[in-house]
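A short write-up of the structure that comes next.
The values are calculated or read from the model by the stated rules, or taken from the named source; none is laboratory data. Treat the numbers as computed from the prediction; the structure is a model and nothing was measured. As a convention, Cβ positions derive from the backbone with ideal geometry for all residues, glycine included, and neighbour counts pool all protein chains shown.
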Amino acid sequence: MKQKILVTGGAGYIGSHVVRQLGEAGYDVVVYDNCSTGSPQSVLYGKLIIGDLSDIDYLEQAFRENEFGAVLHFAASLTVPDSVKYPLDYYANNTRNTLNLLNCCDRAGVDKIIFSSTAAVYGEPKTLPVTESSATEPINPYGRSKLCSEWLIKDYARASSLRYVILRYFNVAGAEPGGRIGQISLNTTHLIGVACDAALKLKPEVKIFGTNFPTFDGTGIRDYIHVEDLASAHVDALRYLEKGHESQTLNCGYGKGYSVRQVINKVKEISGVDFPVVEADYRCGDPACVTSCADKIRQVIGWEPQYNDLGEIIHTTLSWKKKLIGLQRNQIQYQAQTQYQNSIQFQLHQNQNQNQNQNIITLLPTLSNTVKVLPHYCS
Ligand SMILES: NC(=O)c1ccc[n+]([C@@H]2O[C@H](COP(=O)([O-])OP(=O)(O)OC[C@H]3O[C@@H](n4cnc5c(N)ncnc54)[C@H](O)[C@@H]3O)[C@@H](O)[C@H]2O)c1
């Protein structure tokens, strides 16, 4: 009988894919999520506790009521420009809340953790590809708040029986090929998401920031990883720790880069839509090329990616976004109805099966983001 696995942020984009894979692999999963950017309906397996990591009493109660064998820690805030504007909030949610979680692990004797880190901890890499021993010099509060969390985990592990796998993600994209889960917010700033939005007429154009980089076509190059492969890396990392192996810090990427123009052309090809592309100024701090050295993760935990294909990443992103747009159209109609009738109270997380519209609402907690996008789409 396997022990329970705690997944913080398991209602979010990446966490929900990991929860699904853990559930399919027979793990007993408990998700702890405040649903600020995630959705209860993205949790396809296990139990969902709606709670905030800053609520230490409630978090401790979750540890007391469940005997966790390991923790997978996804919950975080992750919008880089917001982290520049609100650094204290980012250190609070990303670093202080990791400390809260480690305190609970300490008290409950949980000795295995897998932490969602990011290539942003490397900042502007001086050599390529980026290896796990490359210098960590993050250039924004988001990257620094995640690096501080890494330090917390490593320092605590040195002083205790905790073992960890820290996974540093490169550019994550795609959605579950089955179409049940994906990134919920349509307000994305990542290139693949933005280009898919343009193909679906959610955005009028795609901007290329910088066309004079020293790359083969002058545009920036990044390493894109399919969320399904990233999810399977977590399952592999968990099995690795369960076998008693030592702590690791591992890059998660394919070790192969695509330029901005290549991504845009592929989105046009797959969608069949020739959307406008505008060349804009270089953004300060944008490196020409960021690709991972992905050898260590394959060697150490035996990770075997299955979706290493830009076309597949784009295809699943487009399919998911189309589904989301359909749901949001219903949502907008529902809002109009309720405004007109002025009689229905939204009861989030309650009576979810009462009618279809309430299901849609619980699927879309980031409505404030999506409403901004949709009037443009509908016009
Ligand atoms: N998406 C990417 O491209 C990317 C790249 C590198 C690293 N990461 C890391 O991966 C992790 C997951 O990212 P994601 O893209 O799935 O984001 P996401 O916003 O979809 O998921 C984060 C989840 O955490 C929850 N959450 C946030 N703060 C919480 C709190 N205080 N208490 C409880 N729950 C809270 C949110 O409701 C959400 O469900 C993050 O740690 C992020 O730093 C993401």
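I'd like the full set of residues that are within 20 Å of H315 (Cβ to Cβ) and assigned to a strand (DSSP E or B), limited to the stretch 161-179.
First pass over the stretch 161-179, keeping only residues within 20 Å of H315 (Cβ to Cβ): 170-179.
Within the stretch 161-179, N171, V172, A173 meet the criteria.
Within the stretch 33-57, can you find the residues that are more than 6 Å from the ligand (Cβ to nearest atom), out of contact with any Phe, Trp or Tyr (no Cβ under 9 Å at 6 or more places or on another chain) and either under 19 Å from Y90 (Cα atoms) or without any contact (Cβ under 8 Å) to a residue 24 or more places away in the chain (or both)? Let's see the steps before the verdict.
Step one: of the stretch 33-57, the residues more than 6 Å from the ligand (Cβ to nearest atom) are 39-51, 55-57.
Next, only the ones that are out of contact with any Phe, Trp or Tyr (no Cβ under 9 Å at 6 or more places or on another chain) stay: 39-41, 43-44, 47, 55-57.
Result: K47, D55, I56, D57.
Pull out all pairs, ordered by first then second residue, where Cβ-Cβ is under 6 Å, the residues are six or more apart or on different chains, the first lies in the stretch 181-192 and is surrounded by fewer than 23 Cβ atoms within 10 Å (Cβ to Cβ), and the second is assigned to a loop (DSSP other than H, G, I, E, B) and of a type in the set (A, V, I, L, M).
Note: pairs meeting the criteria are G182/A175.
Considering the stretch 159-179 alone, what residues qualify as being away from the ligand (no atom under 16 Å from the Cβ), in contact (Cβ under 8 Å) with a residue 40 or more places away in the chain and of a type in the set (G, A, S)?
Step one: filter the stretch 159-179 for residues away from the ligand (no atom under 16 Å from the Cβ), giving 159-163, 177-179.
With in contact (Cβ under 8 Å) with a residue 40 or more places away in the chain added as a condition, the list becomes 160-163, 177, 179.
Hits for the stretch 159-179 are S160, S161, G179.
Residue check, I14 against (1) modelled with pLDDT of 95 or more; (2) of a type in the set (A, V, I, L, M, F, W, C); (3) assigned to a loop (DSSP other than H, G, I, E, B), all met but one. Which one?
For I14, the exception is condition (3).
One line per residue, one yes/no per condition, for (1) touching a residue at least 24 places away in the same chain (Cβ under 8 Å); (2) under 16 Å from F68 (Cα atoms); (3) more than 9 Å from the ligand (Cβ to nearest atom); (4) more than 13 Å from the chain's Cα centre (by Cα):
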{"site": "Y13", "(1), (2), (3), (4)": "yes, no, no, no"}
{"site": "H17", "(1), (2), (3), (4)": "yes, no, no, no"}
{"site": "R20", "(1), (2), (3), (4)": "yes, no, yes, yes"}
{"site": "D28", "(1), (2), (3), (4)": "yes, yes, yes, yes"}
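Of all residues in the stretch 243-268, which are farther than 14 Å from D223 by Cβ and either in contact with a His (Cβ under 6 Å, 6 or more places away or on another chain) or among the small types (G, A, S) (or both)?
G244, S247
Can you find even one residue in the stretch 151-158 that is free of Cβ contacts under 8 Å to residues at least 60 places away in the same chain and surrounded by 22 or more Cβ atoms within 10 Å (Cβ to Cβ)?
Yes, there is a match, as at least one residue in the stretch 151-158 is free of Cβ contacts under 8 Å to residues at least 60 places away in the same chain and surrounded by 22 or more Cβ atoms within 10 Å (Cβ to Cβ).
Every residue, every condition in (1) outside the structural domain of A120 (by TED's automatic domain parsing); (2) more than 21 Å from T118 (Cα to Cα), yes or no:
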site: I184; (1), (2): yes, no
site: L200; (1), (2): yes, yes
site: K203; (1), (2): yes, yes
site: F209; (1), (2): yes, yes
site: L230; (1), (2): no, no
site: V235; (1), (2): no, no
site: R239; (1), (2): no, yes
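Within the stretch 28-60, which residues are in a loop (DSSP other than H, G, I, E, B) and buried (at least 24 other Cβ atoms within 10 Å of the Cβ)?
Filtering the stretch 28-60 down to residues in a loop (DSSP other than H, G, I, E, B) leaves 34-39, 43-46, 51-55.
G38, V43, L53, listed by residue number.
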